[in-house]
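What follows is a short report on a single structure.
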Amino acid sequence: MTSERPPDKTTPNFLARILTGLGWLLVIPLFWLAVKIVQEYERGVIFRLGRLVGARGPGLFLILPIVERMVKVDLRVVTMDVPRQDVITKDNVTVKVDAVVYFRVVNPEDAVVKIMDYIRATSLVAQTTLRSVLGQSDMDELLSRREEVNQRLQQIIDETTEPWGIKVTLVEVRDVSLPADMINAMSRQAQAERERRAKVIHAEGEFEAAARLAEAGAVMAAEPATLQLRYLQTLTEIASERNSTVVFPIPIDLINMFLNNAGRSNGSSDRPPRRREVPAAPAGPVSDEPERAG
């Protein structure tokens, strides 16, 4: 029984060695092709005869002409706008939502080898994730719990793009456009809620005022003079205003007090006044002619 022997990876690749040596020979005549400069915010991913060598940079370094090829990768944070998406929320409300995604390359080798266009791929993942996450959320949650929605979006997009060497740092839902009828319904709801609060506050104020009035009435019932003092204070407040005519009710008790004092001073408060008797008229017809002497 014979078994196939796996290929020996250590077997020298003579063609690759020959081409590598040729590249070193061409470094001097093709110096302007061999010198590469990479910025601080970039990395150069080197391929030698189609195989990944690694990432180099930043700074100045040499590559083998014809044999090696370099692909530059930007490591700065990329700000990407997510196009506006039509989303149906969990409570069947159609909204239009757009967002912004911040991400950067943390592994330039994976960003070049494992994905063809990592920017476009991240954009498509953000669009589909935005529709999926917001479709599982209520409209109230989308409006009031925006931070939780943003964190959920960031977690899902970051887990998807991590094998590509991409790190999503921030996802923000930027704008939520509601239909006109939904905006009107929400405004009516807010107005009704404010009216309810106003009625409750007014009722509480009436209750407290009634309690204070009951206490004030108890005090005035114990001391009747306080009611007269209150009348005088109210008259003073009205007189301070610029009014031409003031109609003010006078309590009957105050008038009776003055009448009783006047009766006592005359000494006739106990005896009723005398009445003059008028003789009654004679019965029968009354004639206008003078009586004749008999």
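I need the calculated FRET efficiency for the pair Lys72 and Tyr102, taking r as the beta carbon distance and R₀ as 30 Å, to the nearest 0.05. The computed FRET efficiency comes out at 0.90.
Hey, what's the Kirkwood Rh for the stretch 70-126 if you take every pair of different alpha carbons, in angstrom?
That comes to 13.3 Å for the stretch 70-126.
Across the stretch 107-224 the C-alpha pair distances fall into 5 Å bins from zero in the proportions 2, 9, 12, 12, 9, 8, 7, 6, 5, 5, 5, 4, 4, 3, 3, 2, 1, 1, 1, 0 percent. By the Stokes-Einstein formula, at 1.306 mPa s and 10 °C, the stretch 57-169 with its Kirkwood radius over alpha-carbon pairs has D equal to 100 µm²/s. Solvent exposure of Glu147, expressed as accessible area, is near 120 Å², computed with a probe of 1.4 Å over the protein chains only.
Loop only per DSSP, at most 16 neighbouring Cβ atoms within 10 Å: give me the trypsin sites (Lys or Arg not before Pro) in the stretch 62-166, ordered by residue number.
Filter output for the stretch 62-166: Arg76, Lys90, Lys114, Arg145.
Of the cross-linked pairs Lys36/Lys114; Lys72/Lys167; Lys90/Lys199, those separated by over 26 Å at the C-alpha level are Lys90/Lys199. The residues of the stretch 101-183 present an accessible area of 53 Å² per residue when probed at 1.4 Å with all protein chains retained.
The values are calculated or read from the model by the stated rules, or taken from the named source; none is laboratory data. Nothing here was measured: the structure is a model prediction, and the numbers come from that model. So basically every Cβ, Gly included, is an ideal-geometry build from the backbone, and we count neighbours across all protein chains shown. Areas reflect the complete protein model, heavy atoms only, side chains present, ligands, DNA and RNA absent. Shrake-Rupley method; radii C 1.70, N 1.55, O 1.52, S 1.80 Å.
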